[in-house]
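Everything on this sheet refers to the single structure shown next.
The values are calculated or read from the model by the stated rules, or taken from the named source; none is laboratory data. Values in this document were obtained by computation on a predicted structure and should not be read as measured data. Virtual Cβ from ideal backbone geometry, glycine too; neighbours counted across all protein chains shown.
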């Protein structure tokens, strides 16, 4: 039996799926964070291995039945990271299994385009942009955090919400309903009380503030609207940087919005500003939001290691089967 393994090892969870040659998902496994930069090499390996074991157990298969595997690994940003991840993955599968890995952002690009060609724009807790053209050239824009120029993502939106709420209170910015909502959310009397949590080394769960910002923006709070417009434009600017380096003027290019802020927050304001910024360029962009799990892209990439051209029927069944499998767990 021909079986493919796809793994999405992110900062919050690791998801593995095993699919057969028809595209049917036969096993799914979930585990904890697989980002070695967050947890260390051994803990990340343990979670990735756990998710693989669970998927194989559900598929009633062992590692020897796999013919190819593809891993999307959070933290795969620099050559040194690739060396560490290679060390992390090497013990997990038999040597006869075709194995490859890339930054996890590429999974969403594969899943959204079905051929891995275009630009993927991640807006989850953080942000990252990857692009691949028909010649196989790849670029990555961002992904290293705010200090290195990343001005998007759920945590950044939450940070702006707190900062601008406080500025509004102090008279350094416009008044905003964010102030009252954030006091209620954190159950404090003063936003400065949150400093105690920060000094104690506790997180503020900044990404959890995204739905509040979206809700108030939809109610026409100008500060909340400004945050989403700013982030939407920044996402477009980052995508345009990848487009300019990979594609020709007038070329049709799919641009895939990936991650929870795109998919779950459902902010038309942010998305429309993102699309508007894309269309200020000379490229024929085709924007879309990924509506399935990025791990779908990992299986497509695994299959592409074996088949010169992944069959259309395989892609369709994989999409249908994964949606059904995720809905049943």
* Asked: From the residues in the stretch 19-48 that are under 26 Å from residue 317 (Cα atoms) and out of contact with any strand residue (DSSP E or B) (no Cβ under 7 Å at 6 or more places or on another chain), which one is surrounded by the most Cβ atoms within 10 Å (Cβ to Cβ)?
  -> 23
* Asked: Checking residue 162 against (1) out of contact with any strand residue (DSSP E or B) (no Cβ under 8 Å at 6 or more places or on another chain); (2) without any contact (Cβ under 8 Å) to a residue 40 or more places away in the chain, which single condition isn't satisfied?
  -> (2)
* Inspect all residues belonging to the stretch 229-250 and state whether any of them is crowded, with 24+ Cβ neighbours inside 10 Å, at pLDDT below 95 and in contact with a helix residue (DSSP H, G or I) (Cβ under 6 Å, 6 or more places away or on another chain). => no
* Asked: Could you count how many residues in the stretch 1-32 are touching a helix residue (DSSP H, G or I) at 6+ places or on another chain (Cβ under 9 Å) and modelled with pLDDT under 90?
  -> 4
* the stretch 60-92: number of residues that are in contact with a helix residue (DSSP H, G or I) (Cβ under 9 Å, 6 or more places away or on another chain), free of Cβ contacts under 8 Å to residues at least 40 places away in the same chain and under 19 Å from residue 2 (Cβ atoms) -> 2
* To do: Go through the stretch 176-222 and give me each residue that's part of a loop (DSSP other than H, G, I, E, B) and in contact (Cβ under 8 Å) with a residue 12 or more places away in the chain.
  => 176, 177, 204, 205, 219, 221
* closer than 27 Å to residue 293 by Cα and at pLDDT 95 or above - does that describe any residue in the stretch 179-189? -> no
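Select, from 173, 168, 154, the only residue that is buried (at least 22 other Cβ atoms within 10 Å of the Cβ) and touching a helix residue (DSSP H, G or I) at 6+ places or on another chain (Cβ under 7 Å). Show your work before the answer.
Numbers: 173 fails: buried (at least 22 other Cβ atoms within 10 Å of the Cβ); 168 fails: buried (at least 22 other Cβ atoms within 10 Å of the Cβ).
Going through 173, 168, 154 in turn, the sole match is 154.
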